[in-house]
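Asks: This is the structure I have questions about; it appears just below.
Values quoted throughout were computed directly from the atomic coordinates according to the rules given, and no laboratory measurement underlies them. Because the structure is predicted, anything quoted here is derived from the model rather than measured. Positions of Cβ are backbone-derived with ideal geometry, glycine not excepted, and every protein chain shown enters the neighbour counts.
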Amino acid sequence: MTEMFKRIMKLKVQNNLEWEDICKGAKIRMKSWMTGIPGQKPTDEEVHKLADFLHSTFEWIKYGEK
């Protein structure tokens, strides 16, 4: 499980969302990285969409930077 995945999971839990809710709201497809499989990660485009939907920033999700 990557640090980026942990940050996405933190936002998911804080907002009480299921992956289906996130995919629909962020307009992304369900992907294998959503299971936390090591080596799998979202694309930069997906991270931008997640950040917008989850009211966060690309930098925080991707790098942990505010």
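Asks: Got the relative contact order for the chain handy, in percent, Cα pairs under 8 Å and 6 or more residues apart?
Replies: Normalised by residue count, the contact order of the chain is 37 percent.
Asks: Next up: Report Rg/Rh for the chain, rounded to two decimals, where Rg is the Cα radius of gyration and Rh the Kirkwood radius.
Replies: Value, to two decimals: 0.90.
Asks: Let me ask another. Using label points projected 7 Å from each Cα along Cα→Cβ, tell me how many nm separate V13 and K31, to one decimal.
Replies: Spacing of the two 7 Å Cα→Cβ label points: 2.2 nm.
Asks: Then there's this: How big is the dipole moment of the chain about its Cα centre under a simple scheme where the beta carbon of each Lys and Arg is +1, that of each Asp and Glu is -1, and everything else is neutral? Debye, nearest 20, please.
Replies: It works out to roughly 100 debye.
Asks: Counting other Cβ atoms within 10 Å of each Cβ, which trypsin sites (Lys or Arg not before Pro) in the range 1-58 have at most 12 and sit in a DSSP loop?
Replies: Sparse-neighbourhood loop trypsin sites (Lys or Arg not before Pro): K27, R29.
Asks: So, one more: Quick one: V47, V13, fewest Cβ neighbours within 10 Å first, how do they rank?
Replies: V13, V47
Asks: Using θ = phi - 60° and the Karplus curve 6.51 cos²θ - 1.76 cosθ + 1.60, what whole-Hz ³J(HN,Hα) does each residue of the range 20-26 get, with Gly and Pro shown as x?
Replies: Using θ = phi - 60°, the values come out as 4, 5, 5, 4, 5, x, 8 Hz.
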